[in-house]
């Protein structure tokens, strides 16, 4: 008769081995890259957005030279700030709902430090919100479009509507969707899951 404890351990180890991804062997003369750029967003093999943010800040810093040239040719601060918002801020915000969940607090502070430096130079408007607030606005706009447009690409990823309000007298919620019950660490970084749980209490 098999020992049930040992059997469970074997199954557990087998399941871990089955889900573990092994890197293929290195090829001679071929360097392995641990980052992948998809539609302008750079993700590392550890699913981190730090490399993406570093690259975006680097490219945005190069755009400041063009702003200095425009100022030298007589463009006022209002015009410079308009160009900054259209070029630099839009680059920083590009596809933010997709990568925000994989960014760390250090990454966001790095962007805020860059924006503060641009404000001191007069390129960025002083009333521009913090980067995290800009990310919240971007998430809210996309989630609102997803909820209200049944033909939206992300609409099929939404959970079904909740029926709790039909059986109980509950306070009004911000949305009428069922919340996922089993959420992994990776799933919490997903845009739809983050938007569903935002302000849910």
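Coordinate-derived values only; no laboratory data. As the structure is a prediction and not an experimental result, all values here were calculated from the model. Reconstructed Cβ throughout: ideal geometry from the backbone, glycine too, with neighbour counts over all protein chains shown.
Taking the inverse of the average 1/r across all pairs of different Cα atoms in region 47-93, what Kirkwood radius in Å do you get?
In region 47-93 this quantity evaluates to 11.4 Å.
Ranked by Cβ crowding within 10 angstrom, fewest neighbours first, how are 71, 117 ordered?
117, 71
Can you tell me the convex hull volume per residue for region 86-162, based on C-alpha atoms, in Å³ to the nearest whole number?
116
Any idea what the alpha-carbon Rg over 2.2 N^0.38 Å comes to for region 35-197?
Here the answer is 1.26, to two decimals.
For region 35-197, what's the relative contact order in percent, using C-alpha pairs closer than 8 Å and at least 6 residues apart?
Taking the mean separation of contacting Cα pairs over the length of region 35-197, I get 20 percent.
Need the C-alpha centroid separation for region 47-111 versus region 119-137, integer Å.
That distance is 10 Å.
Would you mind ranking 53, 183 so that the residue whose beta carbon has the fewest other beta carbons within 10 Å leads the list?
Least to most surrounded, the residues fall as 183, 53.
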